[in-house]
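The values are calculated or read from the model by the stated rules, or taken from the named source; none is laboratory data. Remember, predicted model here, so these are calculated numbers, not experimental data. Here Cβ is always computed from backbone atoms with ideal geometry, including for glycine, and neighbour counts include all displayed protein chains. When the accessible area is computed, the model is the full protein with side chains, heavy atoms only, and any ligands, DNA or RNA have been set aside. Shrake-Rupley method; radii C 1.70, N 1.55, O 1.52, S 1.80 Å.
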Amino acid sequence: MGKKKPHASAKSKHHSTPQKKISSTRRNEINVQCEKLFHLSSNPAYVTQVWDNYLEISAVLEKVKRLEEMKTKTSKRSKAIGQFMKWLRENGADVDGASISEFPGYDLGLKAERDFLENELILTIPKKLSFSTQTAAPELAVLQNDPLVQQMPQVALAIALLIESHKENSRWKPYLDILPSTYTTVLYMTANDMIELKGSPTLETALNQCRNIARQYSYFNNLFQNSHDVVSNLLRDVFTYEDYCWAVSTVMTRQNMIPNEDGSQMIHALIPMWDMCNHEEGRITTDFNISADRCECYASRVFKAGEQIFITYGPRTNSDFFVHSGFVYPDNKQDGFKLRLGISKADSLQKERIALLEKLGLPPVGEFLLKPGSEPISDLLLAFLRVFSMRKTELDHWLLSDKVFDLKHIDCALETIVEENVRKFLLTRLKLLIANYPTSLKEDLELLKTILPQAKKLAVKLRVAEKKILLGALDYVEQWIKA
């Protein structure tokens, strides 16, 4: 039951709803811009020019944001803590051993009110308090046949959040009031922030994420303006891009998987109080207790009274944390650099290579992770590169061999020329990937000693993590060549 949540939001404010409606003149202009946005974000012709497409989408979104500018009243999230804790207790949550507190560099987090031993139960949250499309926003049922709501559970959950946040008397108000009003996910980054990812494979992932959310926003804007169901009537005059970013980021950074009402499948949900925990590397000690019908959080290690309580969000790379959760975890042992490799259609031995890869259970085009630490080259990557580097004689031999899985082992006896080609290819590719970045690792580390805006600092931290993996892998290959 892994979860994702950012370490800190830019402002420690809670989210609140816009107070006034958009005038019809501005609304018409927004609708025109949304049509442009939908075209820019869904036309496959733009996919090859990802950066230019992102800049065009950003320019349209800037106009939309200016037109939608709505006075939102925000108050400090910490003011909502008392009401929130009262609401949790009234609804059967056991939260007596922990409180919500501010921690430097984390915004809000969970504080131990007493000492906890490893594996001791810290929190229990009944299922009825988990925010899902089964417990919240029953109005969403009118959109159950909508393709986006039907096929994308995270999108459905984001719309459910917006429905509840714009209702007059939502039973979820104490929870909504404690949520951040803004996040550090890529949706909140400007083009100037994004350019900091130049050279990084994460850039394309981040740009695609922004493109997808722009498309969803323009789609829903059109839906709410032109439909007359209960959801459209509630959201038509108040739905904004900023509001949608907030809802999507809340879901991306806080979602969990829990069993549905009859236990037949897992569904996406937000779990109040539990989602105040920040991430620390370790083992997952959070679970859903089916017989007690509640979420349970156990101590992953000893926590002393007054200390911040952390949980583990699961094995993710810093690239994933950066794009979806808005933070970078230093010295992340689960980190990896995505290396995209494929067999060329122009390769005269394409058929043989693909056939051998199939025997090994590997795709002809795929992403392989370079890992941090002393063994950066995985068995799968090694096997792929060997197949990629073989001549016809070796390919024919291994296609008939019953020891094909030996190709995944570093000490597999292969023709010297094949092994040399593997090392040469890796050496060249790693040097190219390092040269793709406009700055060196040393320059980035110096930059981090200075005061940087939050988004830029995150991007630099990510570059540092990626470069450390690449340089470690380069050093490994150089030693391998020497040996």
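Sort largest first and round to whole Å: the equivalent ellipsoid semi-axes of the stretch 290-373, each the square root of five times a Cα gyration tensor eigenvalue.
In descending order the semi-axes read 42, 17, 11 Å.
In square angstrom, rounded to the nearest 10, how much accessible surface does TRP51 have for a 1.4 Å probe?
Approximately 70 Å² for this residue.
Counting Lys and Arg as +1 and Asp and Glu as -1, what is the net charge of the other residues whose Cβ lies under 11 Å from the Cβ of SER200?
Taking every other residue near SER200 into account, the sum is +1.
Quick check on the chain: helices-only [θ] at 222 nm, where DSSP H runs of length 4 and up contribute -39,500 (n - 2.57) each and the sum goes over total residues. Nearest 500, please. Don't skip to the answer; put the middle values down first.
On the way: 16 runs with 208 residues, N = 483.
So the calculated ellipticity at 222 nm is -13500 deg cm²/dmol.
Roughly what would the spin-label model give for GLN49 and GLU204, points 7 Å off Cα along C-beta, in nm?
1.8
Quick check: residue separation of LYS65 and SER227 times 0.36 nm, minus the Cα distance between them. What number comes out in nm?
56.1 nm
Over the chain, what is the mean sequence separation of C-alpha contacts under 8 Å (at least six apart), divided by residue count, expressed as relative contact order in percent?
Relative CO of the chain lands at 20 percent.
For Cα extents along the principal axes in Å, one of (i) 72, 46, 43; (ii) 73, 58, 51; (iii) 76, 55, 41 was computed from the structure I shared and the rest are decoys. Which label?
So the structure-derived entry is (ii).
Please express the Cα-Cα pair-distance distribution P(r) of the stretch 32-138 as a list of whole percents, one per 10 Å bin, running from 0 to the bin with the greatest distance.
11, 23, 20, 20, 21, 5
Nearest-5 percent of antiparallel DSSP beta bridges in the chain?
Of the beta bridges lying entirely in the chain, close to 95 percent run antiparallel.
Sort 52-58, 270-276 for me by packing, meaning the mean count of neighbouring Cβ atoms within 10 Å per residue, highest on top.
270-276, 52-58
Express the carbon and sulfur contribution to the solvent-accessible surface of the stretch 95-239 as a percent, rounded to the nearest whole number, probe 1.4 angstrom. Show your work: numbers first, answer last.
Details: 2690 of 5680 Å².
Looking at the stretch 95-239 in its full context, I get 47 percent from C and S.
What is the spin-label model distance, in nm, from ASP262 to PHE405 if the labels are put 7 Å beyond Cα along the C-beta direction?
Each label point lies 7 Å from its Cα, and together they span 4.0 nm.
Compute the signed sum of charges (Lys and Arg +1, Asp and Glu -1) over the other residues within less than 14 Å, Cβ to Cβ, of PHE405.
-1
Would you report the distance distribution of C-alpha pairs in the stretch 272-332 as whole percents per 10 angstrom bin, up to the bin with the largest distance?
Once binned at 10 Å, the Cα pair distances of the stretch 272-332 give 19, 46, 30, 5.
Specify whether the C-alpha gyration tensor of the stretch 397-446 places it in the rounded, prolate or oblate class, a ≥ b ≥ c being the square roots of the eigenvalues: rounded for a/c under 1.5, otherwise prolate if a/b is larger than b/c and oblate if not.
Prolate is the answer for the stretch 397-446, as a/c is 1.5 or above and a/b outweighs b/c.
Net charge within 11 Å of GLY282 by Cβ-Cβ distance, Lys/Arg positive one each and Asp/Glu negative one each, not counting GLY282 itself?
Once positives and negatives cancel, what remains is 0.
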